[in-house]
Amino acid sequence: LAWCFLSIVIASLKSDWAIAAITIGAGGAFAFVTLTVIRPAMRVIASPVLAGKPLTQGWLSGVLVLLAVACYLTDIIGIYAIFGAFMLGISMPRGGFAEKLVERIEPLTVSLLLPMFFVFSGLNTSIGLLDSASAIWTTLLLLVAACIGKGVGCSLAAKLTGSSTRDALCIGSLMNARGLMELIVLNIALDHNIITPKFFSIMVVVAIITTAMATPLFRLFRPAPSKLETIPAMT
């Protein structure tokens, strides 16, 4: 839904509502085909690996090619590459197949691709633009609004649905963290001139601070369990 709203914003700025219609329609069609055709097919194709056979180089190459195609199609559609990767991830058979894929792909993703994206976002960020009182006050105001919107909002939602106060505060602390998804949306908005470089920098600062707050707040509300408490969980 967030990507659909983004396409609507872009369409309104360009005064061409066909952009939003095509993006939402084609994105929905892509999701439908992925879930009704690709997902069952992957379950059948991956059955040998699910039965215990090793994940060969050919399997890995095939999945990566399929990933590239999915990302390319959704990028052409206008709903952006991450949506294709997300939908393909949903379509992967659960269990051993997904676990073996994660084992092979995650080290490269976490060690190389993710840092490269953060470097790219950092190069687009100009902290020097926050050189006025108005910019600093805007940053602080958005920081407070962000914490209330996600941190406090998610804590209240958890509390109202039966969580303990401590658990609710832990959920709010973790949900308050921003990061990858926000930066992706911000970079897209910057590329389409929806936001200015100054506002981009402000939002990046807000994302960094709220993400950095998550672990200390979580530890504050949920102290590390004692050794005696961890033994049953481990066994």
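Some observations on this one:
- Among the residues of the stretch 191-204, those identified as open to solvent by 30 Å² or more (accessible area, probe 1.4 Å), part of a helix (DSSP H, G or I) and in contact (Cβ under 8 Å) with a residue 60 or more places away in the chain are 197, 198, 203.
- Within the stretch 1-46, the residues that satisfy the criterion of being small (Gly, Ala, Ser) and without any contact (Cβ under 8 Å) to a residue 24 or more places away in the chain are 11, 12, 15, 18, 20, 21, 25, 28, 29, 41.
- Qualifying residue in the stretch 25-34 (condition: in a helix (DSSP H, G or I), farther than 21 Å from residue 76 by Cβ and out of contact with any helix residue (DSSP H, G or I) (no Cβ under 9 Å at 6 or more places or on another chain)): no
- Looking across 156, 169, one residue alone is in contact with a Phe, Trp or Tyr (Cβ under 6 Å, 6 or more places away or on another chain) and in a helix (DSSP H, G or I). It is 169.
Every residue, every condition in (1) at pLDDT 90 or above; (2) of a type in the set (A, V, I, L, M); (3) surrounded by 16 or more Cβ atoms within 10 Å (Cβ to Cβ), yes or no:
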site: 113; (1), (2), (3): no, yes, no
site: 123; (1), (2), (3): no, yes, no
site: 126; (1), (2), (3): no, no, no
site: 144; (1), (2), (3): yes, yes, no
site: 149; (1), (2), (3): yes, no, no
site: 170; (1), (2), (3): yes, no, yes
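- Set 31, 41, 51, 98: member being over 30 Å from residue 189 (Cβ atoms) and open to solvent by less than 30 Å² (accessible area, probe 1.4 Å): 98
- Any hit, the stretch 49-60, residues being within 14 Å of residue 101 (Cβ to Cβ), over 25 Å from the mean Cα position of the chain (by Cα) and among the aromatic types (Phe, Trp, Tyr): yes
- Cross-chain or 6+ apart pairs with Cβ under 6 Å, the stretch 74-92 first and touching a residue at least 60 places away in the same chain (Cβ under 8 Å), then small (Gly, Ala, Ser): 78/7; 79/27
The values are calculated or read from the model by the stated rules, or taken from the named source; none is laboratory data. A quick note: this is a predicted structure, and the numbers were derived from the prediction, not measured. Please note: Cβ atoms are built from the backbone with ideal geometry, for glycine as well, and neighbour counts cover all protein chains shown. In case anyone asks, the SASA skips ligands and DNA or RNA and just uses the protein heavy atoms, side chains included. Shrake-Rupley method; radii C 1.70, N 1.55, O 1.52, S 1.80 Å.
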